[in-house]
Amino acid sequence: MLQYGTQRSHEDRLATVTQEVFTMTTVDATSEVFMTAFRALPKKAREAVVGKMLSDREFREDLIDAAIIEQRRKEPSRPLEKYLSDRRKKG
């Protein structure tokens, strides 16, 4: 902790910022390890993993949803009431 009237060195400030920027959650770390391991697999093994994932209906639906969300991310948003109103009009 800093005392009144003391100054932190440039290195101390940089270390603090670096620590804040590179702090990973457990989920982030787990996903990073998984992706590193996945990329290290031979092509046939990667294809087998992807095939296994896609054979899981719930996972496949989640993947499709995530792809649609990413694809539409830059579209303008609209209030929920407007969406519901437009939907009622369409039948």
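The values are calculated or read from the model by the stated rules, or taken from the named source; none is laboratory data. Please read these numbers as outputs of a predicted model, since none were measured by experiment. Don't worry about glycine lacking a Cβ; one is built from the backbone with ideal geometry, like all the others, and counts go over all protein chains shown.
Do the conditions hold for Lys90, that is, is it modelled with pLDDT under 95, loosely packed, with under 10 Cβ neighbours inside 10 Å, over 24 Å from the mean Cα position of the chain (by Cα) and among the charged types (D, E, K, R)?
yes
Name every residue in the stretch 73-85 that is in a helix (DSSP H, G or I) and among the small types (Gly, Ala, Ser), in order of residue number.
The one that is in a helix (DSSP H, G or I) and among the small types (Gly, Ala, Ser): Ser85.
Please work out which residue is surrounded by the fewest Cβ atoms within 10 Å (Cβ to Cβ), limiting yourself to the stretch 24-54 and to residues that are at pLDDT below 95 and in a loop (DSSP other than H, G, I, E, B).
Here the answer is Thr25.
Within the stretch 55-72, does at least one residue satisfy the condition of being without any contact (Cβ under 8 Å) to a residue 12 or more places away in the chain, in a helix (DSSP H, G or I) and in contact with a Lys or Arg (Cβ under 9 Å, 6 or more places away or on another chain)?
Within the stretch 55-72, the first condition is being without any contact (Cβ under 8 Å) to a residue 12 or more places away in the chain, and the residues that meet it are 55-72.
Going one step further and asking which of them are in a helix (DSSP H, G or I), we end up with 57-72.
Adding the requirement that they be in contact with a Lys or Arg (Cβ under 9 Å, 6 or more places away or on another chain) leaves none.
No; the residues of the stretch 55-72 include none that is without any contact (Cβ under 8 Å) to a residue 12 or more places away in the chain, in a helix (DSSP H, G or I) and in contact with a Lys or Arg (Cβ under 9 Å, 6 or more places away or on another chain).
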